[in-house]
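Colleague: After the structure tokens below, expect a handful of questions from me.
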Amino acid sequence: ALSSVPADVAYLRSVLPSTTEDAFFDYLATLDASEVTVSAVPEGSVVFARVPFLQVKGPLLVVQLLETTLLCLVSYASLVATNAARFRLLAGPDVKLIEMGLRRAQGPDGALSASKYSYIGGFDYTSNVLAGKLYGVPVRGTIAHSFIMSFTSLEEVQPRELPPLAGGEPVDLLALAESWLGRVCELLQTPPEKANQGELAAFVSYAIAFPRDFQGLLDTYCVKRSGLPNFCAVALALHQLGYRAVGLRLDSGDLAQQSKEIRQVLRACAAHFKVPWFESIPIAVSNDISEQSLEEFRREGNEINMIGVGMNLVTCPLQPSLGCVYKLVEVNGSPCLKLTEDEEKMTIPGTKTIYRLYNTAGHPFMDLMALEEEPSPSAGQEVAVRVLGRLGEASKVVPTTVEPLHRTYFRDGQVCEPLPSLPEVRSHAQASLSLLSPAHRQLHEPQPYPVAVTEKLHCLLTELRQARQ
């Protein structure tokens, strides 16, 4: 609950004008949120422009003090979750997405928030281990270029031996991988001496440390002549000992085309060496992935199973901020209106209830704002509405289903409804997106989603506008 601390009140006394009355600071010393009520759309819900997703009631001074805090908490979170949802829609349901933006985020707080809200928006994993610890977001990572480059020769592989998965005497994995490298290079018709020995040493060392989780990063040197043959050699050596490689990653070049070429090689190895699972080794890609990148992958065709997104996810370059606003709409039972020449910026007065109207296909087709005292629209019953942007035109709609959007989460200083877990919020977000019609869900030139007011609310709006002109 909102409460005061003596040190905070003392600080405010030191920075506010000296003429500020003592009674004001006395009031701040007793401040609490016991009279505040907060209702909102459930976390993870799709919300459209002009639809209030948070409604706060209480003493004017208290709710004004909450403005900055609430906007800070919801704006960046909504922005990143929305950005993540766009990547998920472009990637499709089967490709795994990993958030890798920690090194590009706006500081540690921004990085943690980005990891959490990317997960809500539809990402599967994060490379941010602290986000995994604090929030339970599944963590994944890949081998680094710096690790591979730190090896320069095969003599650096220590230890060299690995016991078979089923048990038994340890085997010299490096010697086994060198043997397999010759066979792989013969199949691929590439000179084995072109395979970088430092890279092979790195792969073998990684495989010995993590035999059940071996993965390769193929583009530290040359993918075709070095990275791919070295990876296949170590993966096949592990297979001979009973282990399976878990994946490989590309971090440069034409990712879609390379993924197709690599899949061909994996299939050739699977067939030639009679290792069926080899052809389905997951291929991950990274390297400044953007929405445009995903669109290009789709156009070109690809064999990509996992995509790592960093800067273009956590910094939201296409829209770096979300214009959430917090507006006074009623004081002491009297509706308030911010009058402006721009209808887009005009507030909708009064305490309101928000409804989402669904059609026979189960898709939402309109969000409707009504005054709190108005009866709820009924499924199957005609309701008169005015669509924002076309307030001069009255129309009638018949919803198949009516859903009140807001729930009360905070009342009398207490949380009054169980708060969902992070996986539950993520699941709700994906379900909300899936309910949208394709015309509203498409990312390019989507059909505008109508937001409307009831006739009674429209009359109030008209009355207040005329009174202030």
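Colleague: Between a residue in region 225-249 that is touching a residue at least 12 places away in the same chain (Cβ under 8 Å) and within 15 Å of Arg267 (Cα to Cα) and any residue that is among the aromatic types (Phe, Trp, Tyr) and assigned to a loop (DSSP other than H, G, I, E, B), which pairs come within a Cβ distance under 6 Å, given they are 6 or more apart or on different chains?
Modeller: Ala245/Phe214
Colleague: Restricting to region 177-215, give me the number of residues that are without any contact (Cβ under 8 Å) to a residue 24 or more places away in the chain and within 12 Å of Asn230 (Cα to Cα).
Modeller: Result for region 177-215: 2.
Colleague: Would you tally the residues in region 21-41 being surrounded by 12 or more Cβ atoms within 10 Å (Cβ to Cβ), part of a loop (DSSP other than H, G, I, E, B) and modelled with pLDDT of 95 or more?
Modeller: 1
Colleague: In region 198-222, what count of residues is obtained for those that are more than 21 Å from Asp251 (Cβ to Cβ) and polar (S, T, N, Q)?
Modeller: 0
Colleague: Kindly establish whether Val223 is in contact with a Leu (Cβ under 9 Å, 6 or more places away or on another chain), assigned by the TED database to the domain that holds Ser150 and over 21 Å from Gln158 (Cβ atoms).
Modeller: yes
Colleague: Among the residues of region 318-329, are any open to solvent by 40 Å² or more (accessible area, probe 1.4 Å), among the charged types (D, E, K, R) and farther than 30 Å from Val56 by Cβ?
Modeller: So far as region 318-329 goes, no, none of its residues is open to solvent by 40 Å² or more (accessible area, probe 1.4 Å), among the charged types (D, E, K, R) and farther than 30 Å from Val56 by Cβ.
Colleague: Sticking with this one: Checking the condition modelled with pLDDT of 95 or more and touching a His at 6+ places or on another chain (Cβ under 7 Å), which residue from Leu174, Leu187 passes?
Modeller: Leu187
Colleague: Would you please name the residue that is farthest from the chain's Cα centre (by Cα), looking only at residues in region 60-99 that are in a loop (DSSP other than H, G, I, E, B) and surrounded by fewer than 14 Cβ atoms within 10 Å (Cβ to Cβ)?
Modeller: For region 60-99, the residue satisfying everything is Asp94.
Colleague: Kindly list the number of the only condition in (1) polar (S, T, N, Q); (2) outside any loop (DSSP other than H, G, I, E, B); (3) over 30 Å from the mean Cα position of the chain (by Cα) that fails for Thr353.
Modeller: Looking at each condition in turn, Thr353 falls short on (3).
Colleague: Filter region 42-59 down to residues that are part of a strand (DSSP E or B) and within 27 Å of Gly310 (Cα to Cα), then give me how many there are.
Modeller: 0
Colleague: Can I ask one more? Could you tell me whether Lys133 is charged (D, E, K, R), in the same structural domain as Ala175 (by the TED database), more than 19 Å from Leu250 (Cα to Cα) and at pLDDT 95 or above?
Modeller: So Lys133 passes the test.
Colleague: Could you list, in sequence order, all residues of region 96-115 that are of a type in the set (Lys, Arg) and either at positive phi or modelled with pLDDT under 95 (or both)?
Modeller: Result: Arg103, Arg104.
Colleague: Could you grab the pairs with beta carbons closer than 7 Å, sequence gap of 6+ or different chains, first residue in region 147-176 and under 17 Å from Arg244 (Cβ atoms), second one open to solvent by 40 Å² or more (accessible area, probe 1.4 Å) and β-branched (Val, Ile, Thr)?
Modeller: Every condition considered, the pairs that remain are Leu162/Val171; Pro164/Val171.
Colleague: Residue check: is Glu279 in the same structural domain as Ser179 (by the TED database), within 29 Å of the chain's Cα centre (by Cα), acidic (Asp, Glu) and open to solvent by 40 Å² or more (accessible area, probe 1.4 Å)?
Modeller: So Glu279 does not fit the description; no.
Colleague: Of the residues Gly301, Gly227, Gly253, which single one is over 28 Å from Gln319 (Cβ atoms) and crowded, with 18+ Cβ neighbours inside 10 Å?
Modeller: Sole residue among the options that is over 28 Å from Gln319 (Cβ atoms) and crowded, with 18+ Cβ neighbours inside 10 Å: Gly227.
Colleague: Would you pick out the residues in region 105-148 that are crowded, with 24+ Cβ neighbours inside 10 Å, of a type in the set (Phe, Trp, Tyr) and in contact with a strand residue (DSSP E or B) (Cβ under 7 Å, 6 or more places away or on another chain)?
Modeller: Within region 105-148, Tyr119, Phe123 meet the criteria.
Colleague: Okay, next question. Only residues that are open to solvent by less than 50 Å² (accessible area, probe 1.4 Å) and at pLDDT below 95: list them for region 362-408, please.
Modeller: Listed by number, the residues that qualify are Leu388, Leu391.
The values are calculated or read from the model by the stated rules, or taken from the named source; none is laboratory data. Predicted model only: the values in this text are computed from it and were never measured. Here Cβ is always computed from backbone atoms with ideal geometry, including for glycine, and neighbour counts include all displayed protein chains. These area figures cover heavy atoms from the full protein model, side chains too; ligands, DNA and RNA do not enter into them. Shrake-Rupley method; radii C 1.70, N 1.55, O 1.52, S 1.80 Å.
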